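Okay, structure first, notes after.
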Amino acid sequence: MKLETTLPERVGFLHAVPIFDLFALLLIAIMLGPSFITQAGVQVEMPVSRFQVARQSDASVITITQGEPPVIWLERMQVSEEELVAKLESRRQASIQVPVVYVRSDKQISAEFERRVTELALQAGFRVYLLGRAEESR
């Protein structure tokens, strides 16, 4: 006796349903997976910072080159420490927003002298950014 089925050979939608289930599970795993991962280590609550790095279009540049004593340049003019204070003060009064100054210093300049120039700019009311030291030319 031979048994024969009365169903058609291939029922298309019955074979497609497990594939849709597989894609749905894969999509759920991808979407929810990162929320179950925890970072190892100490949990800290980071403080809110108002500082945002933005391009400053009206920033002044102070360059300190080596010499005895080191030479201070404001933009492209060589100035003494007293002249630097006077020029920074006049620029601060002319500026509407918080003035910004970038300090560039040569590799051979001592940190003490760099700090002294930075403090002059801070006392004049400027926001000071220390730029990286220049590389040696080869």
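Listed values, structure above:
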{"quantity": "Unique residue being modelled with pLDDT under 85, among the hydroxyl-bearing types (Ser, Thr, Tyr), surrounded by 10 or more Cβ atoms within 10 Å (Cβ to Cβ) and closer than 17 Å to Leu130 by Cβ when the list is Ser110, Ser105, Ser95", "calculated": "Ser105"}
{"quantity": "Any hit, the range 71-88, residues being surrounded by 10 or more Cβ atoms within 10 Å (Cβ to Cβ), modelled with pLDDT under 85 and not aromatic (Phe, Trp, Tyr)", "calculated": "yes"}
{"quantity": "Selection within the range 101-127 - outside any strand (DSSP E or B), closer than 14 Å to Val85 by Cα and of a type in the set (A, V, I, L, M)", "calculated": "Val117, Leu120, Ala121, Leu122, Ala124"}
{"quantity": "Pairs, first among the basic types (Lys, Arg) in the range 72-96, second assigned to a strand (DSSP E or B), C-beta under 8 Å, six or more apart", "calculated": "Lys87/Leu74; Lys87/Val79; Arg91/Ser60"}
{"quantity": "Residue in the range 20-49 that is farthest from Arg127 (Cα to Cα), counting only those that are in a loop (DSSP other than H, G, I, E, B) and modelled with pLDDT of 50 or more", "calculated": "Ile37"}
{"quantity": "Counted residues, the range 64-100 - those being assigned to a strand (DSSP E or B), under 27 Å from the mean Cα position of the chain (by Cα) and of a type outside the set (Val, Ile, Thr)", "calculated": "1"}
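Yes/no matrix, rows are residues, columns are (1) at pLDDT 70 or above; (2) surrounded by 10 or more Cβ atoms within 10 Å (Cβ to Cβ); (3) within 26 Å of the chain's Cα centre (by Cα):
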position	(1), (2), (3)
Arg10	no, no, no
His15	yes, no, no
Phe51	no, no, yes
Ile62	yes, yes, yes
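The values are calculated or read from the model by the stated rules, or taken from the named source; none is laboratory data. Treat the numbers as computed from the prediction; the structure is a model and nothing was measured. Glycine also receives a Cβ, built like all others from the backbone with ideal geometry; neighbour counts cover every protein chain displayed.
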